[in-house]
Every structure is written in structure tokens, then in C-alpha cells.
1. For the stretch A:61-84, enumerate the residues that are in a loop (DSSP other than H, G, I, E, B), in contact with a Lys or Arg (Cβ under 9 Å, 6 or more places away or on another chain) and under 24 Å from A:ASN214 (Cα atoms).
2. Out of C:LEU135, C:LEU109, C:LEU58, C:LEU86, which single residue is over 26 Å from C:LEU210 (Cα atoms) and touching a residue at least 40 places away in the same chain (Cβ under 8 Å)?
3. So which pairs qualify, if the first residue must be in the stretch C:315-335 and under 12 Å from C:GLY289 (Cβ atoms) and more than 7 Å from chain A (Cβ to nearest Cβ), the second must be outside any strand (DSSP E or B) and among the small types (Gly, Ala, Ser), the Cβ gap must be under 8 Å, and the two must be at least 6 apart or on different chains?
4. I'm trying to understand the selection: among the residues of the stretch C:88-124, which are farther than 17 Å from C:LEU74 by Cβ, within 11 Å of chain A (Cβ to nearest Cβ) and not in a helix (DSSP H, G or I)?
5. With B:VAL87, B:VAL55, B:VAL167 as the choices, which residue is assigned to a loop (DSSP other than H, G, I, E, B) and touching a Leu at 6+ places or on another chain (Cβ under 9 Å)?
6. For C:ARG78, which of the numbered conditions (1) more than 10 Å from every other protein chain (Cβ to nearest Cβ); (2) in contact (Cβ under 8 Å) with a residue 40 or more places away in the chain fails to hold?
7. If I go through the stretch A:204-215 residue by residue, how many of them are within 14 Å of chain C (Cβ to nearest Cβ) and outside any helix (DSSP H, G or I)?
8. Of the residues B:LEU325, B:LEU381, which is farther than 19 Å from B:ILE250 by Cβ and hydrophobic (A, V, I, L, M, F, W, C)?
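The values are calculated or read from the model by the stated rules, or taken from the named source; none is laboratory data. Model, not experiment: these values are computed from the prediction. Cβ placement follows ideal geometry from the backbone for every residue including glycine, while neighbour counts extend to all protein chains displayed.
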Amino acid sequence: MKIVVCVKQVPDTAGGVKFNPDGTLDRGAMLTIMNPDDKAGLEAALRLKDQYGAEVTVVTMGLPKAEEVLREAMAMGADKGVLVTDRVLGGADTWATSTTLAGAIRNLEYDLIITGRQAIDGDTAQVGPQISEHLDIPVISYAQDIKIEGDSVVVERQYEDRYHVVKAKMPCLITALSELNEPRYMTPGGIFDAYKQEITVWGRADLKDVDDANLGLKGSPTKIAKASDKVRKGAGEKVSLDPDESVSYIVDKLKVKHVI
Amino acid sequence: MDFTLSKEHEMARALFKEFAEKEVKPLAQEVDETEVFPRETVEKMAKLGFLGIPVPKEYGGQGCDPLTYAMCVEELSKVCGTTGVIVSAHTSLCCDPIMTYGTEEQKQKYLVPLAKGEKLGAFGLTEPGAGTDAQGQQTKAVLDGEEWVLNGSKCFITNGKEADVYVIFAITGTVEKRGRMQKEISAFIVEKGTPGFTFGTKEKKMGIRGSSTYELIFTDCRIPKENLLGQQGKGFNIAMHTLDGGRIGIASQALGLAEGALDNTIAYVKERKQFGRAIGAFQNTQFQLADMATKVEAAQLLVYKAAMAKATQKVYSVEAAKAKLYAAEVAMEVTTKAVQLHGGYGYIREYDVERMMRDAKITEIYEGTSEVQRMVISGALLK
Amino acid sequence: MNLEEYKGVYVFAQQVDNEISSIAFELLGKAKDLAKDLNTDVTAVLLGSGVKELADQLAEYGADKVIVVDDPELKDYRTEPYAHALSSVINQYKPEIMLVGATAIGRDLGPRVSARVATGLTADCTVLEIGDFPLQAVPGQEQLHNQLLMTRPAFGGNTIATIACPYNRPQMATVRAGVMQKIEPIKGAKANVEEYNPGFTPDNKYVEILDIVKSVAETVDIMDAKILVSGGRGVGSPENFKILEDLAEVLGGTVSCSRAVVDSGWKPKDLQVGQTGKTVRPNVYFAIGISGAIQHVAGMEESDIIVAINKDADAPIFDVADYGVVGDLNKIVPKLTEALKAEIAAAK
């Protein structure tokens, strides 16, 4: 079995967001990590490898520095790494990112593609399903459990109040939740081995069956009109009222904020 | 000269740090409080290869360099001094001498499971009457047919009772050296469970309280002849060479403790307010932190240099002694200042610096006191 | 693509087990505002099996027209038949705007459909409005009017971006649940229903549902809780935490506490918020009888909304609270629970 896992290098927002003195986000001071949902997807692939035997290829799109997440994936046990990097691919929205990754994956053999549900920097959850559309294969999002049965996968697909047990013929794309598993650690020796291996680097010219019009900033249908860093909040209101008035005050605020 | 770490080393550090934060730190207070050996953590580390970092792959290890190993002990000790010393004693004091002096059979039998973490190792040199002065040894080994018979005791043994494999030193005779009779010391590999090998009292310590420190007792303990480690009579050299490596481990532990205390203090002084300002806004605090950070970095450079020396040099006694001397004293100084900057909170157990200060003290004492390190260093200067 | 051909604000009217999800009504409320600004009307797209009779409900909540695709293939949600149905509707009817709920269904359907009809999709929007792109006129670039401006948080809520989709249609967005306002239902409103069936030809993308397992809520880790009702030493006794538990229950929240409470043995350590406990960021954090020592604040200041109740007007918790109430928690909290119970019952 051949499994392709898509991973993204992201700023570590969960591990402590750093702010500039003016309240804006200090991106330079933030460390980068492998996106947590992607890491769960990789772990799922590695478990399938342990259980059924598989070749796991990790694909990432990003700056040359994104090579680090491929090394990390290989230190965890992935077999191959592919870095898709090119200036013309920069500034891509989810549409252009998914066309790019699909263009890269067309060069690879695969039975299963696993992506994370969403990246913690963008939180869109769109790239996985969009890749499946470009490749014309089934998608099962929000996987909380993955099994292989012959030429099919059987997945527990999570919804808000239930889950579906879904069976799909391979090839197929699955998006993984970080709740899916507890990803393994790298091993010290694995790290040194990972750096001894070759990584495949692909640019625009290596992408298969992709139109220039669908790549990079130019090929992105969505455009950023305005972006601002949320200013950290300070003290809000403080009231001193009798108990009944206090209660109405809180209820009103919760209504305004759509909590109730 | 380039002081930047390779990408591999950076990633290895990230791994050790993540493991320490997620798996070790949450238990550090409890391990200290209850004085219970963190067996589960050791098992997790075993699975990840942390117990065989500098051991070659063909012997079940990770095949990494001594610097990677030192960084592992450093990162573990940043959050828990106990966990740091467990790895250090196992790796430097048990795996390393078997790797260096063991026969192929001994390596297959003992080093492979040690490096894989299936077994834990310890080292028994110190005796009640023989700490720094190895010539004061009393434990004896006598060859009787195909077996060595051990009698005597060892004290303050890290990983005692928890470990499965022990490198033990004992007198095997006397030799004349420059006209004086001297004890001839040899090294042995002793397995837990060997009849006649028992454990005495568990020590109650000031710091590193989760590490298991026991007295080892040998009463007509018979071990196979082939468990002699290295040549007969070369025990003193084996012990000294092993301790050179061990000192790099302890220096890394001391370094980690100092770094951990510094990190905690930096976070604390930004938050703690007195007289309407964060105490980090006071110049006294700032200058203290500047001194602490400078010394920590100097210690780190010495420790890393010693680790690199172990990889590239046959003899690295002086590098190891300097690293241990300085890192241990910096650990004591920085943790003490950290407690002071925390004020009353620094004196209570809820705050980690309290434990770190207690943990730091031992680094000035075990595997050669600071005074012994000064003897080693000055001895080389005046040779 | 002739952008001028695309007209109307469309809403994907999500239903599960033939019951329309609340998000559909919320989207209709927003769609009405947008349609007014664009001088157009609101269409709901209802996909399912045996769902036609639900159309009038959509009319009550503001749909001028309902397009129904009713087919047995659409009984339970599966990506492919739903994506086929919705993209066929888009290709057939050419909406200017297509809104989808950012639910476990919508966040799967939306991207698949947007890729199929080759347009942009903005995820998890919290604000939608009609405006110009670019926002300010830029020399050398045509400023387009009547664009959908979609605002969404990113970087774990640390940044906010406003996004447009100026050169592709429809302009698609998924919208967070609970953000948009429903209108007061117009009782007895009848939908102008249009049935449409694009035809379904099962292929390998039609996955098989082997089982549907409905889950029961379990006790939540305080780090995952959306609403936390947190108590401090001011609560007074372990028994008195009952009033906090009642409040949490009404809101579907979870009780947490400060270090002092754990130290007093009133609550277990895994409920402790703060530097030596857990770091939480719920949607709403009630700090009740908590003074707000910096060690505590470090563990909860990232919460979206902080409501503090404390009798000490100088308590530092008020420095981080969005809504601070100075008063006696024993008097306020039980009344608050009752009031919220009444509000929630009335809303149903």
C-alpha cells in the first residue's frame, strides 16, 4: 500500500502567542511546528504502515524552510519526503494550494491520501476536500478512526452529535482530526538518519496537469481586503448593581454575544 | 570556529524538550514529593531510545554522538533533575564502560538490552570508606574455579535496586607500584538477582529525591568468571575513565537545572508585581538575570565542548572536570538566585525553583566533588 | 465567467434526520440583510430525501424561494451526492452568493463544491457585509462595488482578515454557528418551492454508510469546554459549588476552579485553571469569587468573554474581565441560573 500524507509547517499558535508591545502578533518570535491535525494524519499513516505494511510519502508545500517538517516526519518513520516550493506558488489561497498539491500528488502512486482536517494558522479545513475534488476521488473528512478492509477503507467520520461508519474504495482521501491519535515522538537516531536521506524538491515545472491560472496569488479566487492583528483586550466594564440588576446585566451581555 | 548547532542537533533538542515538557514536567513535583522512582517515564524513554543515545546502532543504540546525549540529559534536567540523573547514570556509568571495555559477548548480552532500555544500568564504586579515594576500597573479589566471589558493600548507588545490570569494582589482589604495595582493583558486571547480591537501606536525600539511591551488599556473591569487565587489575583506570564520561552527564544535568531555574525566573519576574510594577522592571532583577544568563551560557559552552571532546579525543578528563566544576557551581548559584527572586514563593514547593535548588546541590558532590575536579584540573596544569 | 449572470443570495439549508439545523435559519437571517443591500432575494437550497415539507419553515425564517433536491441518494449526508446536488444547483441557477454553515457537514461540502464550480471559499466567517473591493480606491485598479466582504479570525483567533472573491462567482462562505441572528419567524409563511433533480449516478465517490452511531455527551476536559464556570475561595465551601454547577448545567458548561480551591481540597487538581494548573480558552469564562492572582489570570486570559463576579471592587480579576459585576455571588449566581433557564426555555 502506498500512502501520501500532506503536512504543513505552521507557527506554533497554541504554544504561546507572542505579541509586540503595540498588541500585534510577533510572528518572528513564534516557533514553527508540524500542524497538529497533519501530525495526527501522519501518525495514522504510520500506524497503517506498522499494521499492514505501507510506503509513506510526506508532501509539503511552502518555503524551502518547510523541509524541516519533512525531516521531522521522516524521523518519525515516513519513508520519503517531497517539498513543493516555488516563488510562483506563493500567496496561494486554499483553491490554489489544493491545485498545487494535487498537481504534485499526480506524480506519485497512492492508495490513500491523508491530510489534516485544518491548519492552525488558517483554520479553513478546505484544502483536503479540494484536493480530493481535483483528483476526482472520494473524501472522508473528520476521521476519528481508520481501518483497512481489502481494497477499501472503513472510517469513523465524526459529526457534532454522531459518527458515521463509512466505507470507501481506495484510492481515497481522508482528513484527520488531532483527536484521532497521540502522535509518536521522533527518535534521536531517526533524526540523524532523516538528515542523511534525500528529499525530492519540486517546483512549478514538476506539477502535473495544472494551469498557471490556478496557481499562487494570481490563481487565488479569494483576495485579502484587510488583515489586522487582534489587539489584546484589557479591562472591560465593571458595574456595581443590586443582585437583580446584576443578573439582567449579565443576561443582556450574554444575549448580545449570542451565548444564549 | 562555529558555535551554531547542526540542524540534526537542533531537532534532537526539540524532541528532548517536547518529551520533557509533556511527559516529565507534569510528574516532577510528585516524583520529588513522594520519592518514588519514575518507572513509567523510564519505560517511555526506553521506547524512544533515550537510554542508548551514544551507543552504536549495532548494539541496539541510537548511534548518536555524546553531544546529543548531553542535550538529552540537559533538557530532561531543565524540568526534573531526577529524570536527568537516571539517564546519566545508566548511560555514562553502565553502558559506556561495557561499550569501551566489554568483550563482544558481554556487549551482546548486556549492552544491547541496556541500550534498548529493556534493562537499566548502575555503577558501584563508592564505599562508606572510599569516595573520592578509590584506593580505600574494601569490597573483595576472589576467583574460585570458574566464578568470582564478591564480598563487601557499596553505598550511594544511583538507580540502585531499580537497575538490572551493575558495573561493580572490587579488590582482586595487591601489586607493587614504585616500591609500595597497592590494591589491585578490577571491574565486574553483576546482575540483579544474583544470589548473595542484596540491597541495604534506601537513602533519603535533600534533592533528586525520585532517583533510587541504595546501598548494595555482596555476601559470597558468585558471578561467572567471564563477567570480569576489561583486564584484571585495570579497574582503577576503567573507573576513572568512566567517571570522565559521567562528569559530562552530571555537568549536563547541572546545566539543565540552571537553565530551568532561569527560565522559570524570567517568566516569574515578568508577572510578579510589587510597588505597582513587574519586578522585572527593577534594575536589581535585571542585573541578576544578566549575570545568571551569562553564566548559564558559559557553562553550556564548557559542557558542549567536553561532549565534543569525548567524541574526538582519547582523553578528555580535563574538559570533563572543567565542565562539571563550572556547571555544578553555576547550577547552585543560579538556582539560589532564582529562589531569591521568587521571594516567598520560591521557598514553597508549588514553585519548581524550590526543588531545583535542592536538586542542584548534589551536582557539586557526586561523581567527583568540586574539590576533586579542581585537583584534576590543577594536576594537569602542574604536570 | 460572466459575473453579471450571477444573481441572488443562496443559503444551503442543512438538515439532519429531516430536521432543519439552526444554522440554516441563522444564515437566512444574514442572507436577508445581504439581499436587501444588493436589492435581490433569498433562496434556500434544501437537499435530502423526503424533505419537501420542510420548505415552509425556511420561508418562515426569510427564504423568498426554496429549491428542493429530493432524492433517496440524499438521505444521510455523504459528500458526493450532496456536492453533486449543490454544484448542479449552482451551475443551473447561478447565485451571486452561496452561504454554507461551518458545521461538520458544511466544512466538508463547501470546499468540495467550491472546487467543483471553480470559485473561492472563505471559511468560518464571523462577519459578512456588502462593500467595495478594494476597500479604498487604488489608482490603476478598478474598484468593484457590491462585493461580499467576508471577515474571519485566523491564527487561533489572534488575527482577523477580511476577504473578497471579486472575480469568481458565486462568492462562497462558510459561517460559524451561533454568530448570525435569525429573524423572528413569520408564522404561516409559505415557500415558493422549486423542485430540481440533477440525476444521481453512483460511482466510486459514493461512499457506503455502514453504521450511524449517535453519541452521548461525556464529561469534558476543562481545556475543551466552551463555557467554564470557575470558582475561587470566595465560593466559601465545597458544598456551595452546587450553585456554580447549576449555572454550568443550564449553559451546557463545565465547572473549573482556582488554585486556592484545589489546595483546600474542595475540587480535584484536574479542574484547576492557572499557571500551575491548566490553560483554558473557552468562549465564556465565569470567574466567580476568584480574586484573579496573576498566576490564575495567566491560565484564562485568552478566553473570548470573561464575566467576573466578586464582592471586592478592587479584585484584579476586573482588570481582565469584559463584564465585571461587583456583588455577592451567593445572591447573584442562583438568580442568574434561574434567569438563564427562563431565557433558554423561551428561546426554544
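1. A:GLY62
2. The conditions single out C:LEU58.
3. C:ALA315/C:SER291; C:ALA315/C:GLY292; C:ILE317/C:SER291; C:ILE317/C:GLY292; C:LEU329/C:GLY234; C:LEU329/C:GLY289; C:ASN330/C:GLY236
4. C:ALA102, C:VAL117, C:ALA118, C:THR119, C:GLY120, C:LEU121, C:THR122, C:ALA123, C:ASP124
5. B:VAL55 is the lone residue from the list that is assigned to a loop (DSSP other than H, G, I, E, B) and touching a Leu at 6+ places or on another chain (Cβ under 9 Å).
6. (1)
7. Result for the stretch A:204-215: 3.
8. Among B:LEU325, B:LEU381, only B:LEU381 is farther than 19 Å from B:ILE250 by Cβ and hydrophobic (A, V, I, L, M, F, W, C).
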